[in-house]
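Enquirer: Right, I'll just put the structure down here and ask away after.
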Number of protein chains: 2
Amino acid sequence: MATQRLASWAKSLEYSDLPDEVVRAAVRSFYNWAGCAIGGSTHPATTIAQYQTLHPLFGPPTASLLGHKEPLKADPQHAALINGIASHVHDYDDTHLDTIIHPTGPVASALLAVAEWKKGVTGKDLIVALVVGIEAECKVGLAVWPEHYDVGWHITSSTGSIGAAVAVSKILNLSTPETAHAIGLAATQVVGLREMFGSHTKSFHPGRAAQSGLLAAIMAQGGYTSSEQALEAKRGWANVVSSPKTDVQQRLANFIGIPSGSQASTLGLASTEAGRWEVLRNSFKPFPCGIVIHPIIDACAQLNNEMFQKRLELADIKAITAKVHPLVLELTGKRTPKDGLEAKFSVFHSGACGLIFGKVTPSEYKDSVVLSDEVITVRDLIQAEIDPALTADQAIVTLALTDGQTLEKHVKHAVGSIDVPMDDAMLQKKFLGQVSKVLSNAEAASKALWELESMDDVSAIASFR
Amino acid sequence: MATQRLASWAKSLEYSDLPDEVVRAAVRSFYNWAGCAIGGSTHPATTIAQYQTLHPLFGPPTASLLGHKEPLKADPQHAALINGIASHVHDYDDTHLDTIIHPTGPVASALLAVAEWKKGVTGKDLIVALVVGIEAECKVGLAVWPEHYDVGWHITSSTGSIGAAVAVSKILNLSTPETAHAIGLAATQVVGLREMFGSHTKSFHPGRAAQSGLLAAIMAQGGYTSSEQALEAKRGWANVVSSPKTDVQQRLANFIGIPSGSQASTLGLASTEAGRWEVLRNSFKPFPCGIVIHPIIDACAQLNNEMFQKRLELADIKAITAKVHPLVLELTGKRTPKDGLEAKFSVFHSGACGLIFGKVTPSEYKDSVVLSDEVITVRDLIQAEIDPALTADQAIVTLALTDGQTLEKHVKHAVGSIDVPMDDAMLQKKFLGQVSKVLSNAEAASKALWELESMDDVSAIASFR
């Protein structure tokens with residue numbers, strides 16, 4: 001039921017069905033993705049995949065690798081993989097807060113590769129396919145959250161292949177049965193263990209999900225068959241990847257399964273009558289690291305500003321206490337990160353950078369910064385305490401100063417959360433900060449992407465230089 | 001521990017460490033795989049992947065697709081995928097009975113593609129890498145069996161990517177740390193839901209496992225990092241894919257983790273002092289279908305012979321009763337299969353063919369045979385009853401004849417089991433039966449493969465025509 005329902009919903013959704021705010025959310029999501037993919041194109045996790053290993057295996061060059069001043073193309077499978085890696089490697093992408101899925105990476109990386117390969121895909125075509133893919137991965141994610149994540153799956157990629165498959169099926173105009181087979185082919189490729197966090201392989205996950213979803217859709221288009229109940233069957237995706245859990249069927253019905261109309265779930269696939277658009281619940285990271293430490297960075301950056309106003313120096317700090325949500329230490333408790341990738345999982349490093357620099361961008365996760373004496377000194381002053389009363393977007397940071405004073409910031413909703421969203425100007429600053437390090441004309445790229453809706457052929461995105 | 005141990009064991013194993021019987025088991029495994037891959041090359045699950053969908057994406061042609069009278073090459077990733085699909089599609093491959101893993105498909109499909117790409121790989125190189133890969137996948141499989149299979153994973157592919165990664169690491173001469181990273185990259189790509197059984201996607205699983213393992217090894221060779229505890233970590237492979245289970249650490253230690261020497265487990269990685277070679281426990285299918293119905297087919301084929309001796313006709317049969325192991329109806333209980341792929345999951349169709357034709361080969365799973373009146377008539381006479389006293393390689397089939405007589409066969413160990421293994425002559429007959437339908441000179445291919453050990457460059461396998 002859920003598999004067929006998702007396929008038929010995806011097949012029938014049209015651009016004219018999308019409310020203006022959904023289009024706007026999709027454009028912002030794609031814009032943010034493009035900035036991250038271009039910005040991440042120079043990271044070793046991307047360049048090793050591209051140059052040291054996979055380049056000799058590339059097929060006919062029909063799809064661009066983003067972030068290069070000279071055109072650089074691969075076949076669409078490798079383009080999806082490599083752009084997907086790049087889009088995630090700085091942990092700077094977007095977040096569907098209900099599931100902590102970073103939804104655009106797997107979907108957009110697959111879509112842009114296919115769009116360029118097939119040619120003539122308009123901005124509107126891309127937007128509706130992007131929405132379809134994001135809704136698909138977030139709805140199946142909601143059905144298995146949180147057990148699925150808790151047991152150890154990287155939910156971005158384990159749902160991302162399904163989102164990418166549905167999105168590519170949409171852009172290739174697959175029939176409903178073909179789309180259902182694509183969902184099955186994607187569902188059977190479950191990529192992403194959380195154990196890989198802190199290594200290159202974390203970024204491989206959304207890239208591989210993009211590639212797997214793309215593969216699923218093109219094989220289904222060619223007549224490859226899979227299960228017609230891939231999501232909901234006893235030994236189908238939802239049961240297998242969220243074991244042990246007993247109410248998977250009910251959850252799938254809540255989020256996907258019930259036809260629209262009088263019985264539609266308010267949480268189900270969106271239509272004009274009912275349901276909920278998950279893309280509207282997507283948020284954007286102001287800081288390039290796991291979202292659970294954003295409140296602490298926000299607090300520390302505010303304290304940096306306050307210290308500057310009061311002409312205080314770092315040497316005036318005697319002790320730093322951070323009260324945090326329980327997940328913070330579970331996910332980001334690395335006390336002595338050995339490099340930039342590990343530092344993304346250190347609330348201590350990240351908070352220290354907020355205090356010292358007043359900002360946290362990819363530059364603050366360079367290995368040299370992670371290992372600098374100044375950062376280590378401040379980092380080691382930070383004590384983190386779990387406060388179960390705090391929500392995940394809250395933190396309290398207190399500085400004890402050598403003169404006996406204290407400074408305190410209580411962040412009630414971290415910047416970038418749904419309550420304090422990144423506005424277009426903030427997104428643009430983030431985009432330009434990433435893209436101008438890589439391309440010559442970041443402003444032109446930004447302008448074109450803001451106008452995605454009116455683009456005649458999205459292949460133009462590949463020609464940003 | 002398990003990850004590092006497996007990597008260092010694989011790195012250090014040399015051809016001279018292999019007992020003669022291990023070499024012989026490896027040659028037989030590879031021989032059987034090659035016959036299946038060539039025989040399966042004309043099946044739609046293979047040809048759709050090859051021609052209708054992936055052909056335009058092939059990279060530089062350095063690795064052969066088996067089973068073509070004209071040379072047909074792809075990049076090694078696609079060759080591994082497509083030969084892997086072909087090797088499994090008739091359900092005619094090998095079986096490690098302790099885990100029901102079909103071990104050679106993922107490993108050999110990856111290895112031959114890499115060997116041809118890199119050139120100059122000898123038969124001995126291939127054999128030691130094949131053994132390393134088979135041992136790897138079977139040992140990790142033992143650590144999660146049976147919960148992993150029960151929850152719904154297709155254990156051949158979910159362990160196969162790890163086996164393929166270790167094997168390709170071996171043939172590319174990766175260091176121990178690189179091999180460990182390859183294990184992690186493979187472990188994070190978990191392919192294969194049992195829900196896909198009966199569709200094309202079942203065969204996609206070992207193909208994709210081959211491809212994923214190959215990708216893992218070449219990325220690790222280029223410097224890509226993953227976890228160093230990918231198998232045993234709290235949120236690593238074994239825990240995540242066998243949830244809920246509490247003794248994973250102990251099992252990993254039993255099968256992989258304990259260093260050889262006085263404390264070595266008798267079930268652990270084999271060495272001169274201790275351990276067990278899993279490749280010696282590999283068996284070969286006499287019939288192209290799930291191994292649980294082999295005892296029934298064996299009994300029915302014997303009854304066909306007895307009826308022929310007694311000059312009895314099918315019309316003389318009034319009723320057929322099959323007493324079977326409980327798994328038979330769970331896995332192969334399809335009463336009215338709609339096509340050949342579904343018929344492989346029908347004890348009724350398979351038993352009927354044994355009775356009617358006295359043999360069950362890929363021809364007996366053609367759609368036209370599945371839908372023929374004669375087969376359907378006999379199929380519908382069969383009643384299957386679970387008998388918990390029977391082991392998985394046993395069955396009792398009883399024919400009630402119209403004249404009141406009964407004929408009965410009690411198969412105590414099905415042909416192809418460890419107790420009644422396929423000998424070389426039987427393997428050769430099976431090989432020639434498959435290969436002569438596809439290639440002009442099946443005899444020459446057979447002869448060359450039996451002499452694998454002395455082959456100077458295994459690329460010669462690609463030139464069988």
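The values are calculated or read from the model by the stated rules, or taken from the named source; none is laboratory data. Since the structure is predicted, the reported quantities are computational estimates derived from the model, not experimental observations. All Cβ positions, glycine included, derive from the backbone under ideal geometry; neighbour counts span all protein chains shown. Protein only, heavy atoms only, side chains kept; ligands, DNA and RNA dropped before computing areas. Shrake-Rupley method; radii C 1.70, N 1.55, O 1.52, S 1.80 Å.
Enquirer: Determine if the stretch A:279-299 includes at least one residue that is under 23 Å from A:Thr176 (Cβ atoms) and either touching an Asp or Glu at 6+ places or on another chain (Cβ under 9 Å) or at pLDDT 95 or above (or both).
Expert: The initial filter retains those residues of the stretch A:279-299 that are under 23 Å from A:Thr176 (Cβ atoms), namely A:279.
The next check asks that each one be either touching an Asp or Glu at 6+ places or on another chain (Cβ under 9 Å) or at pLDDT 95 or above (or both); those that pass are A:279.
Yes: the stretch A:279-299 contains one or more residues that are under 23 Å from A:Thr176 (Cβ atoms) and either touching an Asp or Glu at 6+ places or on another chain (Cβ under 9 Å) or at pLDDT 95 or above (or both).
Enquirer: Among the residues of the stretch B:19-35, is any of a type in the set (Lys, Arg), surrounded by fewer than 24 Cβ atoms within 10 Å (Cβ to Cβ) and without any contact (Cβ under 8 Å) to a residue 60 or more places away in the chain?
Expert: Looking for residues that are of a type in the set (Lys, Arg), surrounded by fewer than 24 Cβ atoms within 10 Å (Cβ to Cβ) and without any contact (Cβ under 8 Å) to a residue 60 or more places away in the chain, one finds at least one in the stretch B:19-35, hence yes.
Enquirer: Inspect the stretch B:351-369 for any residue being in contact with a strand residue (DSSP E or B) (Cβ under 8 Å, 6 or more places away or on another chain), open to solvent by 10 Å² or more (accessible area, probe 1.4 Å), closer than 18 Å to B:Phe197 by Cβ and part of a helix (DSSP H, G or I) and give the result as yes or no. Walk me through how you get there before you give the answer.
Expert: Start the filter on the stretch B:351-369 by keeping residues that are in contact with a strand residue (DSSP E or B) (Cβ under 8 Å, 6 or more places away or on another chain), which leaves B:351-352, B:355.
Right, trim to open to solvent by 10 Å² or more (accessible area, probe 1.4 Å) and you get none.
No; the residues of the stretch B:351-369 include none that is in contact with a strand residue (DSSP E or B) (Cβ under 8 Å, 6 or more places away or on another chain), open to solvent by 10 Å² or more (accessible area, probe 1.4 Å), closer than 18 Å to B:Phe197 by Cβ and part of a helix (DSSP H, G or I).
Enquirer: Is at least one residue of the stretch B:363-374 touching a residue at least 40 places away in the same chain (Cβ under 8 Å) and aliphatic (A, V, I, L, M)?
Expert: Looking for residues that are touching a residue at least 40 places away in the same chain (Cβ under 8 Å) and aliphatic (A, V, I, L, M), one finds none in the stretch B:363-374, hence no.
Enquirer: For the stretch B:37-58, state whether one or more residues are closer than 14 Å to B:Ile134 by Cβ and part of a helix (DSSP H, G or I).
Expert: Going residue by residue through the stretch B:37-58, those that are closer than 14 Å to B:Ile134 by Cβ are none.
No, the stretch B:37-58 contains no residue that is closer than 14 Å to B:Ile134 by Cβ and part of a helix (DSSP H, G or I).
Enquirer: Sticking with this structure for a sec: Can you find a residue that is under 28 Å from A:Tyr92 (Cα atoms) and either in a helix (DSSP H, G or I) or under 28 Å from the mean Cα position of the chain (by Cα) (or both) anywhere in the stretch A:255-265? Give the derivation first.
Expert: The initial filter retains those residues of the stretch A:255-265 that are under 28 Å from A:Tyr92 (Cα atoms), namely A:255.
After this cut, where a residue has to be either in a helix (DSSP H, G or I) or under 28 Å from the mean Cα position of the chain (by Cα) (or both) as well, the list is A:255.
Checked the stretch A:255-265: at least one residue is under 28 Å from A:Tyr92 (Cα atoms) and either in a helix (DSSP H, G or I) or under 28 Å from the mean Cα position of the chain (by Cα) (or both).
Enquirer: Could you tell me whether any residue of the stretch B:225-242 is within 7 Å of chain A (Cβ to nearest Cβ), closer than 20 Å to A:Val89 by Cβ and either assigned to a helix (DSSP H, G or I) or among the β-branched types (Val, Ile, Thr) (or both)?
Expert: For the stretch B:225-242, residues within 7 Å of chain A (Cβ to nearest Cβ), closer than 20 Å to A:Val89 by Cβ and either assigned to a helix (DSSP H, G or I) or among the β-branched types (Val, Ile, Thr) (or both): present.
Enquirer: Let me ask something additional. Which of the residues belonging to the stretch B:425-462 are open to solvent by less than 50 Å² (accessible area, probe 1.4 Å), in a helix (DSSP H, G or I) and under 16 Å from B:Val27 (Cβ atoms)?
Expert: B:Leu427, B:Lys430, B:Phe431, B:Ala445, B:Ser446, B:Ala448, B:Leu449, B:Leu452, B:Val458, B:Ala460, B:Ile461
Enquirer: Follow-up. In the list A:Gly184, A:Gly152, A:Gly198, A:Gly163, which residue meets the criterion of being facing chain B (nearest Cβ under 10 Å), within 26 Å of A:Ser271 (Cβ to Cβ) and of a type in the set (Gly, Ala, Ser)?
Expert: On the way: A:Gly152 fails: within 26 Å of A:Ser271 (Cβ to Cβ); A:Gly198 fails: within 26 Å of A:Ser271 (Cβ to Cβ); A:Gly163 fails: facing chain B (nearest Cβ under 10 Å).
Sole residue among the options that is facing chain B (nearest Cβ under 10 Å), within 26 Å of A:Ser271 (Cβ to Cβ) and of a type in the set (Gly, Ala, Ser): A:Gly184.
Enquirer: Restricting to the stretch B:331-346, what's the tally of residues that are open to solvent by 10 Å² or more (accessible area, probe 1.4 Å) and part of a loop (DSSP other than H, G, I, E, B)? Steps first, please.
Expert: Of the stretch B:331-346, the ones open to solvent by 10 Å² or more (accessible area, probe 1.4 Å) are B:331, B:333-336, B:338-339, B:341-342, B:345.
Among the residues that remain, those that are also part of a loop (DSSP other than H, G, I, E, B) are: B:334-336, B:338-339, B:345.
Residues flagged as open to solvent by 10 Å² or more (accessible area, probe 1.4 Å) and part of a loop (DSSP other than H, G, I, E, B) within the stretch B:331-346 amount to 6.
Enquirer: Let me ask you something else. Looking at the stretch A:387-412 only, could you name the residues that are assigned to a loop (DSSP other than H, G, I, E, B) and surrounded by fewer than 16 Cβ atoms within 10 Å (Cβ to Cβ)? Break it down stepwise before answering.
Expert: Looking only at the stretch A:387-412, we keep the residues that are assigned to a loop (DSSP other than H, G, I, E, B), and these are A:387-394, A:402-405, A:412.
Once the filter is applied, which keeps residues that are assigned to a loop (DSSP other than H, G, I, E, B) and surrounded by fewer than 16 Cβ atoms within 10 Å (Cβ to Cβ), the stretch A:387-412 yields A:Asp387, A:Pro388, A:Ala389, A:Thr391, A:Thr402, A:Asp403, A:Gly404, A:Gln405, A:Lys412.
Enquirer: Given B:Leu280, B:Leu267, which one is open to solvent by 40 Å² or more (accessible area, probe 1.4 Å), assigned by TED's automatic domain parsing to the domain that holds B:Arg194, touching a Gly at 6+ places or on another chain (Cβ under 8 Å) and in contact (Cβ under 8 Å) with a residue 60 or more places away in the chain? I'd like the intermediate steps shown before the answer.
Expert: Working: B:Leu280 fails: touching a Gly at 6+ places or on another chain (Cβ under 8 Å).
Testing whether each residue is open to solvent by 40 Å² or more (accessible area, probe 1.4 Å), assigned by TED's automatic domain parsing to the domain that holds B:Arg194, touching a Gly at 6+ places or on another chain (Cβ under 8 Å) and in contact (Cβ under 8 Å) with a residue 60 or more places away in the chain leaves just B:Leu267.
Enquirer: Scan the stretch B:45-63 and give yes if some residue there is more than 16 Å from B:Ala115 (Cβ to Cβ), touching a residue at least 40 places away in the same chain (Cβ under 8 Å) and more than 14 Å from chain A (Cβ to nearest Cβ), otherwise no.
Expert: Looking for residues that are more than 16 Å from B:Ala115 (Cβ to Cβ), touching a residue at least 40 places away in the same chain (Cβ under 8 Å) and more than 14 Å from chain A (Cβ to nearest Cβ), one finds none in the stretch B:45-63, hence no.
Enquirer: Considering only residues that are of a type in the set (D, E, K, R) and over 22 Å from the mean Cα position of the chain (by Cα), which ones fall in the stretch A:427-446?
Expert: The first filter runs over the stretch A:427-446 and keeps only residues of a type in the set (D, E, K, R), leaving A:429-430, A:437, A:443.
Once the filter is applied, which keeps residues that are of a type in the set (D, E, K, R) and over 22 Å from the mean Cα position of the chain (by Cα), the stretch A:427-446 yields only A:Glu443.
Enquirer: Among residues belonging to the stretch B:92-106 that are surrounded by 24 or more Cβ atoms within 10 Å (Cβ to Cβ) and acidic (Asp, Glu), point out the one that is nearest to B:Ser41 (Cα to Cα).
Expert: So the residue we want is B:Asp93.
Enquirer: Take the conditions at the interface with chain A (Cβ under 7 Å from one of its Cβ atoms), under 30 Å from A:Gln50 (Cα atoms), out of contact with any strand residue (DSSP E or B) (no Cβ under 6 Å at 6 or more places or on another chain) and at pLDDT 95 or above and apply them to B:Ala217. Does it pass?
Expert: No.
Enquirer: Just wondering, is there one or more residues in the stretch B:68-83 that are away from chain A (no Cβ under 14 Å) and part of a helix (DSSP H, G or I)?
Expert: Here is the first cut: in the stretch B:68-83, the ones away from chain A (no Cβ under 14 Å) are B:68-72, B:83.
Still in the list and also part of a helix (DSSP H, G or I): B:83.
There is at least one residue in the stretch B:68-83 that is away from chain A (no Cβ under 14 Å) and part of a helix (DSSP H, G or I).
Enquirer: A further question follows. Only residues that are surrounded by 24 or more Cβ atoms within 10 Å (Cβ to Cβ), out of contact with any Phe, Trp or Tyr (no Cβ under 7 Å at 6 or more places or on another chain) and over 17 Å from A:Leu214 (Cβ atoms): list them for the stretch B:68-81, please. Full working, then the answer.
Expert: So the first thing to find is which residues in the stretch B:68-81 are surrounded by 24 or more Cβ atoms within 10 Å (Cβ to Cβ), and the list is B:74, B:76-81.
Remaining after also requiring out of contact with any Phe, Trp or Tyr (no Cβ under 7 Å at 6 or more places or on another chain): B:77, B:79-81.
Hits for the stretch B:68-81 are B:Ala79, B:Ala80.
Enquirer: Go through the residues of the stretch A:58-80 one by one and say whether even a single one is touching a His at 6+ places or on another chain (Cβ under 6 Å) and of a type outside the set (Ser, Thr, Tyr).
Expert: To start, the set of residues in the stretch A:58-80 that are touching a His at 6+ places or on another chain (Cβ under 6 Å) comprises A:58.
Okay, now just the ones that are also of a type outside the set (Ser, Thr, Tyr), so A:58.
Scanning the stretch A:58-80 turns up at least one residue that is touching a His at 6+ places or on another chain (Cβ under 6 Å) and of a type outside the set (Ser, Thr, Tyr).
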